[in-house]
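Asks: Take a look at the following structure, please.
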Amino acid sequence: MSKTSSGKGKENRPEFPGWPIWDEEDIESVSQVIRSGQWWAGAPAAHAGENVWALQEEFAAFQESRHCIAVANGTAAIEVSLTALGAGLGDEVIVPDYTFVASASAVIAANAVPIFCDIDPRTFVMDVSRLETLISDRTRAIVAVHLGGNPVDMEHLCSVAEKHGLAVIEDCSHAQGSRFKGKRVGNWGDAGTFSFQASKILTAGEGGAIVCNDDELAARFYGLSDCGRHIGEYFYEHYGYGGNYRMSEFNAAVLRAQLRRFPEQHRLRNANARYLTGKLNAIGGIRVMEPTPGTEELGYYVYPFLFDPAEFSGITGEEFRRRLTAAGIPTVDCYPPLHRLSCFRERNLRKGIDYSRANWGGPLSEDSRFPVVVDVYSRSIELPHEVLLAQKRQLEYIASVIRNI
Ligand SMILES: Cc1ncc(COP(=O)(O)O)c(C=O)c1O
């Protein structure tokens, strides 16, 4: 069951799947939580509800990670990871310029300074060949964002991080299931963070998780997300600073039902993406996002492609999207580059923090300093992931509409 885009009344126009997709299993799992009267997870040693604990095991197994800590959302997951890994006051953290604001605002929340890295023109993720030009004596960590599910070249990134002694957080909000050179993303760095917000490919409306493979780090992530508690210790002893970023039983129950469905959806998105890419790349002036070499599976939160305005009568991205919408094909807004956002044009985000060495703000936020992302953003079109759950004839319809533009 799901909502679908409204194509009714327009002949020969296929309807695309909507999102989220749910059935009686999701409804029953939430009902069971209500009936149980256990609406939160409780302490690790004494469980109240069981869904959060079970989800942590199930998601860790799916991601092939040793630990999973469920949290309230993906932003909190990055904040907690940065703090646990020692990024804080006076530190710099490298993030891609092309991502949702949370990848950088979590750095601000940790009292550190984000440093923006331009992207690769083919894969649209962080250009790892630029990393060393951005590293300073204050750099503490790198947040690698697997944008649209496309893995950052983690092999290269981790070698740079190791050389300079930097922590690595993988923002896998778009990349549940992505696999790069034999490893699921989230396992390359110190921590992998996930969002289960409503638009994501695995969702419960809101929610997040951190995966890692280090026991001591996992305990730190847990303490920071649950009031400074230690697993197995007295509930009202708080050993260090920790917020309340716990996930509720309701979200975990829905996520468990969604996760059971996920592998089949993931397989279909990958197969359909390959098919659609074959069709779209055959159209002059269209170039689909290239999976980073070494990618074996891709989460596909979105399916981006670039169009060359010169081959489409000089039309703008806005006009291109308008024509797709008019043909009943759903699209989504691309993220504006971070350096363009109002919050990063000024340098007064948090009281008492020295942003004077940031590579953004005022004249440093000029587009000319981030040429690749500016070009990609100006002519990128993104289809939402549910389009990749459609049938082949619907994908052929997309290709034919684009060819006619
Ligand atoms: C790349 C990226 N990072 C982080 C987040 C933050 O996740 P959440 O909305 O669950 O806080 C999002 C979600 O929208 C995202 O797209």
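Asks: Applying the selection to the stretch 158-199, what residues are surrounded by fewer than 24 Cβ atoms within 10 Å (Cβ to Cβ), under 16 Å from L85 (Cβ atoms) and charged (D, E, K, R)?
Replies: Passing the criteria: E162, D190.
Asks: Within the stretch 77-106, restricting attention to residues that are touching a Leu at 6+ places or on another chain (Cβ under 7 Å) and either among the basic types (K, R) or part of a helix (DSSP H, G or I) (or both), which residue is nearest to the ligand (Cβ to nearest atom)?
Replies: Here the residue is A106.
Asks: Quickly run through the stretch 284-312 and pick out the residues that are in contact with a strand residue (DSSP E or B) (Cβ under 7 Å, 6 or more places away or on another chain), more than 18 Å from S173 (Cβ to Cβ) and assigned to a loop (DSSP other than H, G, I, E, B).
Replies: Scanning the stretch 284-312 gives G285, G294.
Asks: Another one. Just for the stretch 130-155: of the residues that are in a helix (DSSP H, G or I) and touching a residue at least 24 places away in the same chain (Cβ under 8 Å), which one is nearest to Y355 (Cα to Cα)?
Replies: L134
Asks: Out of the residues in the stretch 219-244 that are surrounded by 16 or more Cβ atoms within 10 Å (Cβ to Cβ) and of a type in the set (A, V, I, L, M), state the one that is nearest to the chain's Cα centre (by Cα).
Replies: Within the stretch 219-244, the match that is nearest to the chain's Cα centre (by Cα) is L224.
Asks: In the list I169, I135, which residue meets the criterion of being within 16 Å of the ligand (Cβ to nearest atom) and of a type outside the set (S, T, N, Q)?
Replies: Details: I135 fails: within 16 Å of the ligand (Cβ to nearest atom).
None of the others qualify; the one that does is I169.
Asks: Taking the residues in the stretch 274-331 that are of a type in the set (D, E) and touching a residue at least 60 places away in the same chain (Cβ under 8 Å) as candidates, determine which candidate is farthest from K181 (Cα to Cα).
Replies: D308
Asks: With the checklist (1) within 16 Å of the chain's Cα centre (by Cα); (2) free of Cβ contacts under 8 Å to residues at least 40 places away in the same chain; (3) not in a strand (DSSP E or B) in hand, flag the one item S159 doesn't pass.
Replies: The single condition S159 does not satisfy is (1).
Asks: Looking at the stretch 76-93, is at least one residue under 28 Å from R347 (Cα atoms), touching a Pro at 6+ places or on another chain (Cβ under 9 Å) and among the aliphatic types (A, V, I, L, M)?
Replies: Initial filter on the stretch 76-93 (under 28 Å from R347 (Cα atoms)): 76-93.
Remaining after also requiring touching a Pro at 6+ places or on another chain (Cβ under 9 Å): 92-93.
Still in the running and among the aliphatic types (A, V, I, L, M): 93.
Yes, there is a match, as at least one residue in the stretch 76-93 is under 28 Å from R347 (Cα atoms), touching a Pro at 6+ places or on another chain (Cβ under 9 Å) and among the aliphatic types (A, V, I, L, M).
Asks: Hey, among G177, G223, which residue is within 16 Å of the ligand (Cβ to nearest atom) and outside any strand (DSSP E or B)?
Replies: G177
Asks: Looking only at the stretch 317-358, filter to residues that are of a type in the set (A, V, I, L, M) and touching a Leu at 6+ places or on another chain (Cβ under 9 Å); which one of those is farthest from V401 (Cα to Cα)?
Replies: Out of the qualifying residues, it is I353.
Asks: What are the pairs with Cβ atoms under 9 angstrom where one residue, in the stretch 113-124, is charged (D, E, K, R) and the other, located anywhere, is assigned to a strand (DSSP E or B) and at pLDDT 95 or above? Sequence gap at least six, or different chains.
Replies: The qualifying pairs are D118/P96; D118/M126; D120/M126; R122/R287.
Asks: Moving on to the next point. Which of the residues that make up the stretch 184-210 are under 11 Å from the mean Cα position of the chain (by Cα), outside any loop (DSSP other than H, G, I, E, B) and within 11 Å of the ligand (Cβ to nearest atom)?
Replies: T193, F194, S195, G208
Asks: Right, another one. So for the stretch 245-261 (the condition being assigned to a loop (DSSP other than H, G, I, E, B), surrounded by fewer than 16 Cβ atoms within 10 Å (Cβ to Cβ) and over 20 Å from the mean Cα position of the chain (by Cα)), does at least one residue qualify?
Replies: No.
Asks: Taking the stretch 93-117 as the region of interest, how many residues are surrounded by 22 or more Cβ atoms within 10 Å (Cβ to Cβ) and within 24 Å of D137 (Cβ to Cβ)?
Replies: 16
The values are calculated or read from the model by the stated rules, or taken from the named source; none is laboratory data. All figures in this text were calculated on a predicted structure; none of them were measured in a lab. Cβ coordinates were reconstructed from backbone atoms using ideal geometry, including for glycine residues, and neighbour counts include every protein chain displayed.
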